[in-house]
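The values are calculated or read from the model by the stated rules, or taken from the named source; none is laboratory data. None of the values given here were measured: they were computed from a predicted structure. Neighbour counts run over all protein chains shown; Cβ positions are idealised from the backbone, glycine included. The accessibility values were calculated without ligands, DNA or RNA, using every heavy atom of the protein model including side chains. Shrake-Rupley method; radii C 1.70, N 1.55, O 1.52, S 1.80 Å.
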Amino acid sequence: MPKPSIAVIGSGFGGLAAVIELKRRGYHDIVVIEKGDDVGGVWRENTYPGAACDVPSPFYSFSFEPNPRWPKRFSEQPAILDYMRAVADKYDVRRHIRFGSEVLAARFDDATGRWTVELSDGSGPTESIEVDILVPAVGQLSRPAYPTIDGIDTFAGESFHSAQWRHDIDLTGKRVAVIGTGASAIQFVPAIQPQVASMTIFQRSAPYIIPRPDRTFSQLHHRVFERLPVTQLAERGTWYGLVEGLSIAWVYAQPLAAAIRGISRAHMVRQTRKKPGLFEKVWPDYPVGCKRILFSSNYLPALTRPNVELTNQPITKVTPTGLVTADGAEHEVDVIIYGTGFKATEFLAPISITGSGGRDLHQEWAQGAHAYYGMSVPGFPNMQIMYGPNTNTGGGSIIYFLEAQAKHLGDFVAHHEAVGAPVAVKAEVERAHDARIQERLAGSVWSQCTSWYRNADGRVTTNWPLLGVQYQREVRYDANDYEVVS
Ligand SMILES: Cc1cc2nc3c(=O)[nH]c(=O)nc-3n(C[C@H](O)[C@H](O)[C@H](O)COP(=O)(O)OP(=O)(O)OC[C@H]3O[C@@H](n4cnc5c(N)ncnc54)[C@H](O)[C@@H]3O)c2cc1C
């Protein structure tokens, strides 16, 4: 019997992890459909000034591909993208990729037991291909979200989202509005503050911020990492332990969470001292850990500069010349930058996915996305999702989770190959898994505030509620959880 053919959608870290693992196991009939023009996913798209990872590079990288030459501990976007390109080249992944091709729809055919995948070149449907196995690896943070504000389209100046940075717009001497104070905004605000004439930051909800222990890795570091790989392993292990400690704090140890809150408070008090009244504006009013805690040592100092103003007033409308807030103040600006995050809970949108018996995936997920370890959905045979529902982490490295998922995928493909028929997760197994996850989440810190972890109904659909190591152990493949679909 020929080896199964596999279509992977996306060539971010998830797609790369999947393809490398499948090739390692001898599966080479792989096509990767990528709508962008390069590998990289979010690291190809997010080119805003100051873009960098929040988890130190020695841990935010593949365990099987350590990079002794990271320029910094928290590497910036160009270095991460270079790393991904180098990994794609080394493992000969590009050969499999069709760049500039977008998946519009995928349909499982009960008669043939195969998936038909419809492609577009951006201007409309072009062709369809047939494969045995479908692996959506489209990420949780690949579709920018804009707020709904009256008059948003009437603004006469320039406006753009941080994930679609307009490098052609010179911000020098401009009056800039920044909407949002999440993970992206706290990176680009200090990067552009010295350049702009004035900046008004519109904050809906303040993040907890803790110091960012960044450092530039010197030539000496690089030499030591290269010659004594165990030193880099130690750096990776240390950061693994520290970020897993964050998850321990949120999941199991309230006193530890309280200690992190204390560290954050001391840091934020110290960094806002120069501007009276600023601390009161930026100190969060929800339980620590409920939203992703952010590492930054330069955001708050930027807010103390004379050309920066932060307002907590809700925006009531956008006008041709700026924004109006609930207190009636009119803020005239030249440029609006949306640091408003992503449509994280709209998993796999806008791709239309039809499973066995004509089931529509988005209808199945109308009350919120769910899948067995974020990967398998009953009624959708031969489909394995990377970075699917409830596989995001409140503190750790997504890449660690993706590697565990790639192994599960590899075992799944082997299972399918052995039985020679489509395989799907058992409905009762997925139901029990989801019930357990949701019960755990209901009592968790993530259910205590609104955030991108929750959908409109308040269900936490993005986050894994336990430690990374527990995910890695539990997601190991168990053929008993699956059934052959005839
Ligand atoms: C600015 C930023 C910083 C981050 N920092 C960290 C961090 O420090 N630590 C951490 O753990 N995580 C971080 N993340 C989360 C990040 O999303 C994951 O770490 C990881 O990169 C996800 O990889 P992915 O391959 O699953 O998704 P993505 O990187 O989003 O890649 C998905 C790919 O699928 C393609 N695609 C989507 N739809 C289609 C379609 N229909 N057809 C064809 N192609 C399609 C996209 O073009 C994209 O290339 C960050 C995210 C952002 C946005």
Among residues of segment 15-41, those that are within 11 Å of the ligand (Cβ to nearest atom), closer than 18 Å to ILE398 by Cβ and open to solvent by 10 Å² or more (accessible area, probe 1.4 Å), counted: 1
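Would it be correct to say that ALA79 is surrounded by 17 or more Cβ atoms within 10 Å (Cβ to Cβ) and without any contact (Cβ under 8 Å) to a residue 40 or more places away in the chain?
Working: surrounded by 17 or more Cβ atoms within 10 Å (Cβ to Cβ): yes; without any contact (Cβ under 8 Å) to a residue 40 or more places away in the chain: yes.
It is true that ALA79 is surrounded by 17 or more Cβ atoms within 10 Å (Cβ to Cβ) and without any contact (Cβ under 8 Å) to a residue 40 or more places away in the chain.
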Segment 431-478 - residue that is in a loop (DSSP other than H, G, I, E, B) and small (Gly, Ala, Ser) and, of those, surrounded by the fewest Cβ atoms within 10 Å (Cβ to Cβ): ALA456
Residue list for segment 385-430, restricted to those being within 16 Å of the ligand (Cβ to nearest atom) and part of a loop (DSSP other than H, G, I, E, B): ILE385, MET386, TYR387, GLY388, PRO389, ASN390, THR391, THR393, GLY394, GLY395, GLY396, SER397
Residue pairs meeting the criteria (Cβ under 7 Å; at least 6 apart or on separate chains; first assigned to a helix (DSSP H, G or I), in segment 187-206; second among the polar types (S, T, N, Q) and open to solvent by less than 20 Å² (accessible area, probe 1.4 Å)): PHE188/SER162
Residue in segment 81-92 that is in contact with a Gly (Cβ under 8 Å, 6 or more places away or on another chain) and near the ligand (Cβ under 8 Å from one of its atoms) present: no
Contacts under 7 angstrom Cβ, first residue in segment 154-175 being closer than 12 Å to ASN46 by Cα, partner in a loop (DSSP other than H, G, I, E, B) and open to solvent by 80 Å² or more (accessible area, probe 1.4 Å), 6 or more apart: HIS161/TYR146
Flag for GLY262 being of a type in the set (Gly, Ala, Ser) and on the phi > 0 side of the Ramachandran plot: no
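Yes/no per residue for (1) over 27 Å from the mean Cα position of the chain (by Cα); (2) assigned by TED's automatic domain parsing to the domain that holds VAL189; (3) in a helix (DSSP H, G or I); (4) at pLDDT below 95:
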{"residue": "TYR286", "(1), (2), (3), (4)": "no, yes, no, yes"}
{"residue": "SER297", "(1), (2), (3), (4)": "no, yes, no, no"}
{"residue": "PRO301", "(1), (2), (3), (4)": "no, yes, yes, no"}
{"residue": "ARG305", "(1), (2), (3), (4)": "yes, yes, no, no"}
{"residue": "LEU310", "(1), (2), (3), (4)": "no, yes, no, no"}
{"residue": "PHE347", "(1), (2), (3), (4)": "no, no, no, no"}
{"residue": "ILE353", "(1), (2), (3), (4)": "no, no, no, no"}
{"residue": "HIS362", "(1), (2), (3), (4)": "no, no, yes, no"}
{"residue": "GLN367", "(1), (2), (3), (4)": "no, no, no, yes"}
Subset tally (residues that are open to solvent by 10 Å² or more (accessible area, probe 1.4 Å) and either in contact with a strand residue (DSSP E or B) (Cβ under 7 Å, 6 or more places away or on another chain) or under 11 Å from VAL103 (Cβ atoms) (or both)) for segment 115-136: 10
Scope segment 142-166; condition within 16 Å of the ligand (Cβ to nearest atom), part of a loop (DSSP other than H, G, I, E, B) and open to solvent by 50 Å² or more (accessible area, probe 1.4 Å); matching residues: SER142, ARG143, TYR146
